[in-house]
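Working notes, structure below.
Every number here is computed from the coordinates shown, using simple stated rules; none is lab data. Fair warning: this is a prediction, and the values are worked out from it, not measured in the lab. Glycine gets a Cβ as well: all are built from the backbone with ideal geometry, and neighbour counts include every protein chain shown.
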Amino acid sequence: MENQKKDKDILILAIESSCDETAASVVKNGRTILSNVISSQIELHKLYGGVVPEIASRKHIEKINQVIEEALKDASVTLDDLDAIGVTYGPGLVGALLVGVAEAKAISYAKKLPLVGVHHIEGHVSANYIENLELEPPFLCLIVSGGHTHLVIVKDYGEFEILGRTRDDAAGEAFDKVARAIGLGYPGGPKIDKLSKEGNAEAIVFPKAKVNDGPYDFSFSGVKSAVLNYINKCKMQNTPICEADLAASFQKAVVDVLVENSMKAAKDYHMDKLAIAGGVASNQTLRASMEEACKKNHIEFYHPSPIFCTDNAAMIGVAAYYEYIKGTRHGLDLNAVPNLKLGER
C-alpha cells in the first residue's frame, strides 16, 4: 500500500481529547505537521487542584468543532482533501475520549473516510518522529506522564516490548501530589521543575525505590510518602521548610531512578538510541540528566519539543499515519477504552 501511495501525499486529520486538552492537527506523510491546534483547560481545572472529568468532557464538546475548523484552516485543506481520520480512543478519561471518538466517527461516516483509532501512549512515542526525521525503530523509549511510566523497546512503528512500568504512582502523578502538598497547585510538574532551580537537590535524601523482581520497573509512592512525612514532621517540630530544597531533592530522587533504569535497560538490551516521551519528558532536569547519561554511555538521545510532550493531536496524526499504511482500520463501532493497555488493539 505504501508503495502505491508514494506519488500521493497522505493527509490525516487527527483528534485528541483524552484528558483536558482539545486538540486537532493535520499531518502529511506521517512526519510533516501542517497544523497543530490545542485548546487547553488548565486554567479551568486549576480551581479544583486537578482535572474534573465531567467539566473536561463538557469543555471538549464546546471546543471540538472550532478546534478542527482551525486545524483545517491553518493547514489550508478541507475535509475533502483528507485520506483518513485518526483519533485517540484510549487510555484516558472515558467521557473526554468519547467526545473525540464520536466526532471522528461522524466525520468518517459523512466523508466516507477511513477511521484509525490510536493508542494515546503510541502517540506520545510517535511525537519523537516529528522533529527527528532520521529516527526509526528499533529504539528504547521512556514514557513518563501523569498517568503512565513505561520503559519500552519500540520494535517497529506501533509495536512495543514493555520492559518496565510503574507498580504504583506514575511519575507525573507523584509530581502533582507533592506539588499539592507543598502548596504549589496544579499542574505540579512544571511548578516543581521551576521551583527546584532555586533549591539544593542534595539538601534532603529521599528514598529511591528498587523493585526486586522487576529491574526496569518503577515505584514512586514511597518517595511521595517520604516527602509528605517530611512536611508533617517539620510542621510538628515547628521547623521551617525550604520549599525549593524540598522540590529539588524530591525531583532528584525521581529523575535519578528514571535515568538509572533507562541506562540499565539500554546496556542490557544493547540499545544505542533512547527517546523520552510524555508530559514529564518536558521536565528540564530529566532532559539534562538523561542527555548527560546518554552521552557518557554513547547513546543517541532523542526528545520532542515541550509542545509535543504534553497532549497534542500532531503526535496522534503521526501514529495514525503508520497505523494507516499498515492497514489498520476501525469501524463505526469504535468505542472509548479508558484503561487501554499498550500493545492492545
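A few comments on the model shown:
- Charge context of residue 297, other residues only, Cβ under 13 angstrom, K/R +1, D/E -1: -1
- Reachable lysines from residue 177, criterion Cα separation under 20 angstrom, eight or more residues apart if same chain: 46, 191, 194, 197, 208, 224, 233, 235, 252
- Length-normalised contact order of segment 209-274 in % [C-alpha pairs under 8 Å, at least 6 apart]: 34
- Judged by the mean number of other Cβ atoms found within 10 Å, the most tightly packed of the peptides 223-230, 123-130, 184-191 leads the ranking 123-130, 184-191, 223-230.
- In summary, the lysines within cross-link reach of residue 111, defined as a Cα separation below 29 angstrom excluding same-chain residues under 8 places away, comprise 5, 6, 8, 28, 59, 63, 73, 326.
- Linear extension gain, residue 29 paired with residue 194, 0.36 nm per residue minus alpha-carbon span: 55.7 nm
- A cut-off under 10 angstrom between Cβ atoms defines the neighbours of residue 137, and their net charge, with Lys, Arg +1 and Asp, Glu -1, is -1.
- For segment 46-137, trypsin sites (Lys or Arg not before Pro) are listed when DSSP marks them as loop and at most 10 other Cβ atoms sit within 10 Å of their Cβ; the list is 112.
- For the chain, averaging the sequence separation of C-alpha pairs within contact (under 8 Å, six or more residues apart) and dividing by the residue count gives a relative contact order of 25 percent.
- Cβ-Cβ FRET estimate between residue 109 and residue 205, R0 fixed at 56 Å, reported to 0.05: 0.45
- Distance between the 7 Å Cα→Cβ label points at residue 268 and residue 40: 3.6 nm.
- Net charge contributed by nearby residues that have their C-beta within less than 11 Å of residue 96 (K/R +1, D/E -1): -3
- Alpha-carbon Rg/Rh ratio, for the chain, with Rh computed the Kirkwood way: 0.99
- Of the DSSP H helices in the chain, those that are both long (alpha-carbon extent of 20 Å or more along the helix axis) and hydrophobic (Kyte-Doolittle mean at least 0.0) are 94-111, 221-236, 243-268.
- Relative contact order (%) - segment 136-303, alpha-carbon pairs under 8 angstrom, separation at least six: 26
- Put simply, the amide H of residue 200, placed in the peptide plane, has neighbours under 5 Å in 245, leaving out anything fewer than 5 places away on its chain.
- Segment 136-303 - Kirkwood radius from inverse mean 1/r over Cα pairs (Å): 16.2
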